[in-house]
């Protein structure tokens, strides 16, 4: 996908974050809780044990050189717009779209992509379904108590 992007645009992108261990996810989550509070953290960062990064199927992507890394403005970069339009061709899904926050339970993350396989990504794209929650009839991210 990265090579296709470079071939089509002449620009580059990079992995910002991919697999995370439980301990790493704990650190990311705890840092978010400290900075934003529990309620905000639960819509911005998955709790340890629930992160797609822990499965090895998620990747956070940024521009190279870095621009708007891990920020909503990444969606407006050439990399972000290309990924939103083309990631499905490579089996990836923009996991938390801006217009699906109530459906996914997470805030807009234009940098976060989840590998679902080319067959499923193509089917979802063809049917205009953009989230796993919609496709599988799942509720939004768990409401932690």
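Each value in this text was obtained by applying a stated rule to the coordinates, not by laboratory testing. Everything numeric here is computed off the predicted structure, so don't read it as measured data. All Cβ positions, glycine included, derive from the backbone under ideal geometry; neighbour counts span all protein chains shown.
The table for this structure:
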| item | result |
| --- | --- |
| Span from the the stretch 59-100 Cα centroid across to the the stretch 1-36 one, whole angstrom | 11 Å |
| Rounded, prolate or oblate (a/c below 1.5 giving rounded, otherwise prolate when a/b exceeds b/c) for the stretch 12-74 by Cα gyration tensor | oblate |
| Acute angle (nearest 10 degrees) that the helix 22-36 long axis makes with the longest principal axis of the chain, alpha-carbon atoms | 80 degrees |
| GNM top mover of 48, 110, 102 - the chain, alpha-carbon springs below 10 Å | 102 |
| Fully extended contour minus Cα-Cα distance, from residue 15 to residue 81, at 0.36 nm per residue | 22.1 nm |
| Top of 101, 116, 129 by mean-square fluctuation, Gaussian network on the chain, Cα under 10 Å | 129 |
| The chain, relative contact order in percent, only Cα pairs under 8 angstrom and at least six apart counted | 21 percent |
| GNM result for the chain, Cα springs below 10 Å: residue of 107, 122, 34 fluctuating most strongly | 34 |
| Global geometry of the chain, whether rounded, prolate or oblate, following the gyration tensor of its Cα atoms and the 1.5 cut on a/c | oblate |
| Additional length obtainable on full extension of the chain from residue 7 to residue 98, 0.36 nm per residue less Cα span | 30.0 nm |
| CD proxy at 222 nm, helix term only [per DSSP H run n ≥ 4: -39500 (n - 2.57); per residue of the chain; nearest 500] | -11000 deg cm²/dmol |
| Where labels lie 7 Å past Cα in the beta-carbon direction, separation of residue 24 and residue 70 in nm | 1.2 nm |
| Cα gyration tensor shape of the stretch 87-138, rounded if a/c is under 1.5, else prolate or oblate by comparing a/b with b/c | oblate |
| Crossing angle, helix 118-127 versus the chain [Cα axis fit, 0-90 degrees, rounded to tens] | 90 degrees |
